[in-house]
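One structure is given below, encoded as structure tokens.
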Amino acid sequence: MKKYGEAEIVIKRSRFIASVKPVKKEEEALDFLNDLKQKYWDARHNVYAYILRENNTMRYSDDGEPAGTGGVPVLDMLKKEGLTDIIVVVTRYFGGVLLGTGGLVHAYSSSARAGVEEAVRLEMVKCKSLTINCDYTLWGKVQNELMSFSIKMLPPEYTDSVSVMVYVPVEDADRLEKTLIEATNAKIYLSFGCEDFFAFD
């Protein structure tokens, strides 16, 4: 997700407010949850689920709803959509009409999905880091070749030579390496390193 999203649906007089936020750390998720609990202090339930790439973390809570009718459907929706680094909190104001187990599962799942649709989905691409070191005379050629690839580039370091780290999608890594070697007649130092996920708008 790229930004905060919120959606509200009403089912049999119960209000379900889904709040969605991109997060990278568990502390961020819990801070967001606590803020919403204060904001909606008079609500009957604040059901939540979040998934983080950090430590492969997945958490959920029914927050007083019958077991498996709140947090589980929200978590299942996130997993089915392939979403990560995200928290969804669904706040319920009870309308006086019992929805039953199936009704609750449907309500929380639908609310969470509506909230996610209000946020901007951001595709994360698995990338490999590549450290490039070359003479100043070759830097122009290197820059030209890099422009033809979808990469994330860190600020270059200018010392007795030019050194820069770029992140390139894993499937393009070999092609980029071959392209840079050919463009510089192999007068370049290349070193692949760790892998990470990046968003490409």
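The values are calculated or read from the model by the stated rules, or taken from the named source; none is laboratory data. Here the structure is a predicted model, which is why all the values come from computation and not from measurement. When we count neighbours, we look across all protein chains shown, and the Cβ atoms used for this are built from the backbone with ideal geometry, even at glycine. Just so you know, the surface numbers come from the protein's heavy atoms only, side chains and all, with ligands and any DNA or RNA stripped out. Shrake-Rupley method; radii C 1.70, N 1.55, O 1.52, S 1.80 Å.
For the stretch 167-174, backbone phi angles converted through the Karplus equation (6.51, -1.76, 1.60; θ = phi - 60°) give residue-by-residue couplings of 10, 10, x, 3, 5, 9, 4, 5 Hz, Gly and Pro being listed as x. Taking only protein heavy atoms and a 1.4 Å probe, the accessible area of the stretch 75-186 is 50% carbon and sulfur. Between Arg59 and Thr137, the contour length at 0.36 nm per residue exceeds the Cα-Cα span by 22.8 nm. Scalar couplings 3J(HN,Hα) for the stretch 186-195, obtained by applying the Karplus form with A = 6.51, B = -1.76, C = 1.60 to θ = phi - 60°, are 6, 8, 8, 9, 10, 8, 7, x, 6, 10 Hz; x denotes Gly and Pro. Other residues with beta-carbon under 13 Å from the beta-carbon of Lys128 carry, at +1 per Lys or Arg and -1 per Asp or Glu, a net charge of -3.
Electrostatic bookkeeping for Val23 treats Lys and Arg as +1 and Asp and Glu as -1; over the other residues with beta carbon under 9 Å from its beta carbon, the sum is -2. Close amide-amide hydrogen proximity is noted between Ile11 and Phe16, each under 5 Å apart and 5 or more residues distant or on a separate chain (H modeled in the peptide plane; Pro and chain starts excluded).
Taking the charge dipole of the chain about its Cα centre, with +1 at Lys and Arg Cβ atoms and -1 at Asp and Glu Cβ atoms, the residue from Met77, Asn34, Val105 reaching farthest to the positive side is Val105.
Can you tell me the accessible area per residue over the stretch 7-78, all protein chains present, probe 1.4 angstrom, in square angstrom?
Details: 3770 Å² over 72 residues.
Ligands and nucleic acids excluded, the result is 52 Å² per residue.
Computed over protein heavy atoms with a 1.4 angstrom probe, the accessible surface ordering of Asp196, Asp42, Asp85, largest first, is Asp42, Asp196, Asp85.
Which entries of Lys12/Lys37; Lys128/Lys178; Lys152/Lys178; Lys152/Lys187 show an alpha-carbon separation above 20 angstrom in the structure shown? Please report the intermediate quantities before stating the final value.
Working: Lys12/Lys37 23 Å; Lys128/Lys178 15 Å; Lys152/Lys178 18 Å; Lys152/Lys187 23 Å.
Over 20 Å apart, Cα to Cα: Lys12/Lys37; Lys152/Lys187.
The heavy atoms of Cys127 present about 0 square angstrom of accessible area, all protein chains included, probe 1.4 Å.
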